[in-house]
Amino acid sequence: MPEDRGKKLTMVTCSAPVNIAVIKYWGKRDEELILPINSSLSVTLHQDQLKTTTTVACSRSFQEDRIWLNGKEEDITQPRLQSCLREIRRLARKRRSDGEADVDTAGLSHKVHICSVNNFPTAAGLASSAAGYACLVYTLSRVMGVEGELSVVSRQGSGSACRSMYGGFVQWIMGQQGDGKDSLAQQVEPETHWPELRVLVLVVSAERKPVGSTSGMQTSVETSSLLKHRADSVVPARMKEMIEAVHKRDFTAFAELTMKDSNQFHATCLDTYPPIFYLNDVSRRVINLVHRYNRHYRETKVAYTFDAGPNAVIYTLQQNVEEFVQVVKHLFPPETNGGQFLKGLPVAPTTLSEELKQAIGMEPMVKGISYIISTKAGPGPRVVEDPSEHLLGSDGLPKESA
Ligand code: DP6
């Protein structure tokens, strides 16, 4: 741990990934502890494309806990931030009183400065809270010498954040206990398990900010009988099937369950009163496109899933990526020269057959999709060893670039 003894400044920087659920979490049974009404399962995306980086510093000279997010100081008294800070400090105190060695007692009695940035635009509407809270909890745990099951802590920042504590394929087991100790994330398979699986994030140009997940799911729990049916009777069986599909690398089963579960989640949104609409015309066109593409090949080659916004996340296998990206470019022609339309892992251009274009049979729509991020499954949080990557300077304040 880098430590400037003169100024007694302890500093650690870590990064954490985004995850995209294929069996969705929607609805809490406890708002404060963030306990869900059903289990869920997600794929952790690769940090080369999408990640949060967080630096935590602690020093005797700090007057108060402070946090800067994407260059702006935010209110540290926010309950979810307080829950994470309180829980990590509690675990650190417990370790110390249990007589565990190397617990940094300085981290316990001193205030912390936290600085966090995303390597993707917040405006893209990609769920950044999962990576954000996972990174916060992971970094705090490193500063304060806490080990063990940390997903129960990041869960209290944002439910989906517990799944970003692991790489690859991750389930969030809903648990039964009132104190939430058994509501935690578990890796189903590591990211190396299915190297052919690829992910395309289609960033839809949206004008409006949709209803946030926290308030959206609260209204759903209060008003949707479909959500209750989903949580009690549908998801338990789907979790089993999904875990099996992942174990067996059965793309057809994985893809069909992913699409059905996304559709059912959005059906519960429509069943919410008043209804919530996360999908827009572009989202629905992507849904149609995927079904027409699969029907043309008489094979489920591509799957879509949508969270609390209009962006589509596509799961497919390596061998289909070039053609499918070309289909997206054909139906959603890039606004400018197309140079920045595709970000992330390189995808070579290809030519589409007339037969395929006809089978899809949809008119191109300009400006529907702003850009595509091409990525794959990736590892969980990690410590950034290079001190030049700290986001806070030796004065404990954000560096210019942060
Ligand atoms: C649609 O984790 O953002 O993305 O627990 O209130 O912070 P809070 O909600 P959040 O909800 C995510 C909902 C979802 C589905 C999913 O990721 O499983």
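The values are calculated or read from the model by the stated rules, or taken from the named source; none is laboratory data. Keep in mind that what you see is a predicted model, and the values were worked out from it rather than measured. Every residue, glycine as well, gets a Cβ built from its backbone with ideal geometry; the counts of neighbours run over all protein chains shown.
Can you say whether V282 is away from the ligand (no atom under 13 Å from the Cβ) and within 25 Å of K367 (Cα to Cα), as far as the supplied structure shows? Reasoning before the result, please.
On the way: away from the ligand (no atom under 13 Å from the Cβ): yes; within 25 Å of K367 (Cα to Cα): yes.
Judged against the criteria, V282 is a match.
Conditions: (1) modelled with pLDDT of 95 or more; (2) surrounded by fewer than 18 Cβ atoms within 10 Å (Cβ to Cβ); (3) not acidic (D, E). R230 meets all but one. Number of the miss?
Failing condition for R230: (2).
How do the pairs read when you match residues in the stretch 299-311 that are within 16 Å of V325 (Cα to Cα) with residues anywhere that are part of a loop (DSSP other than H, G, I, E, B) and within 16 Å of the ligand (Cβ to nearest atom), using Cβ under 6 Å and keeping only pairs 6 or more apart or on different chains?
Short answer, once both residue conditions are applied: N311/G125.
Any idea which residue in the stretch 362-380 is surrounded by the most Cβ atoms within 10 Å (Cβ to Cβ), counting only those that are at pLDDT 95 or above and out of contact with any Leu (no Cβ under 9 Å at 6 or more places or on another chain)?
G380
Hey, can you tell me all the residues within the stretch 30-71 that are under 23 Å from S388 (Cβ atoms), outside any loop (DSSP other than H, G, I, E, B) and not hydroxyl-bearing (S, T, Y)?
Those that are under 23 Å from S388 (Cβ atoms), outside any loop (DSSP other than H, G, I, E, B) and not hydroxyl-bearing (S, T, Y): K51, V56, A57, C58, R66, I67, W68, L69.
Among the residues of the stretch 136-167, what is the count of those that are within 13 Å of the ligand (Cβ to nearest atom), closer than 15 Å to T54 by Cβ and polar (S, T, N, Q)?
Counting residues in the stretch 136-167 that are within 13 Å of the ligand (Cβ to nearest atom), closer than 15 Å to T54 by Cβ and polar (S, T, N, Q) gives 3.
The rows are residues; the columns are (1) at pLDDT 95 or above; (2) in contact with a strand residue (DSSP E or B) (Cβ under 9 Å, 6 or more places away or on another chain); (3) within 30 Å of T375 (Cβ to Cβ).
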residue: D75; (1), (2), (3): yes, yes, no
residue: L81; (1), (2), (3): yes, yes, yes
residue: L85; (1), (2), (3): yes, yes, no
residue: R93; (1), (2), (3): no, no, no
residue: G99; (1), (2), (3): no, no, no
residue: A106; (1), (2), (3): no, yes, no
residue: N118; (1), (2), (3): no, yes, yes
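Can you name the residue in the stretch 25-69 that is closer than 15 Å to L184 by Cα and in contact with a Ser or Thr (Cβ under 6 Å, 6 or more places away or on another chain) and is also nearest to the ligand (Cβ to nearest atom) among such residues? Working first, answer last.
The initial filter retains those residues of the stretch 25-69 that are closer than 15 Å to L184 by Cα, namely 25, 28-30, 33-42.
Filter once more, so that each one left must be in contact with a Ser or Thr (Cβ under 6 Å, 6 or more places away or on another chain): 25, 35.
Working: Y25: 3, L35: 10 Å.
Checked the stretch 25-69; the qualifying residue nearest to the ligand (Cβ to nearest atom) is Y25.
Within the stretch 264-306, count every residue that is crowded, with 18+ Cβ neighbours inside 10 Å, of a type in the set (S, T, N, Q) and in a helix (DSSP H, G or I).
Looking only at that region, the number is 4.
For the list (1) at pLDDT 95 or above; (2) of a type in the set (A, V, I, L, M, F, W, C); (3) surrounded by 21 or more Cβ atoms within 10 Å (Cβ to Cβ); (4) within 16 Å of the ligand (Cβ to nearest atom), I need the number of the one condition that V204 fails.
That leaves (1) as the condition not met.
Being small (G, A, S), more than 19 Å from S213 (Cβ to Cβ) and touching a Phe, Trp or Tyr at 6+ places or on another chain (Cβ under 8 Å) narrows it down to one residue among A312, A303, A348, A308; which is it? Write out each step before concluding.
Details: A312 fails: more than 19 Å from S213 (Cβ to Cβ); A348 fails: touching a Phe, Trp or Tyr at 6+ places or on another chain (Cβ under 8 Å); A308 fails: more than 19 Å from S213 (Cβ to Cβ).
So the residue among A312, A303, A348, A308 that is small (G, A, S), more than 19 Å from S213 (Cβ to Cβ) and touching a Phe, Trp or Tyr at 6+ places or on another chain (Cβ under 8 Å) is A303.
Yes/no per residue for (1) more than 15 Å from the chain's Cα centre (by Cα); (2) β-branched (V, I, T); (3) at pLDDT below 95:
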{"site": "R60", "(1), (2), (3)": "yes, no, yes"}
{"site": "S109", "(1), (2), (3)": "yes, no, yes"}
{"site": "I114", "(1), (2), (3)": "yes, yes, no"}
{"site": "A127", "(1), (2), (3)": "no, no, yes"}
{"site": "A134", "(1), (2), (3)": "no, no, no"}
{"site": "V152", "(1), (2), (3)": "yes, yes, no"}
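Residues of the stretch 310-330 being over 15 Å from V204 (Cβ atoms) and polar (S, T, N, Q), which ones?
Hits for the stretch 310-330 are T316, Q318, Q319, N320, Q326.
Looking only at the stretch 288-309, count every residue that is within 16 Å of the ligand (Cβ to nearest atom) and of a type in the set (A, V, I, L, M, F, W, C) and tell me the total.
Of the residues in the stretch 288-309, the ones within 16 Å of the ligand (Cβ to nearest atom) are 303-309.
Retained after the next criterion (residues that are of a type in the set (A, V, I, L, M, F, W, C)): 303, 306, 308.
Result for the stretch 288-309: 3.
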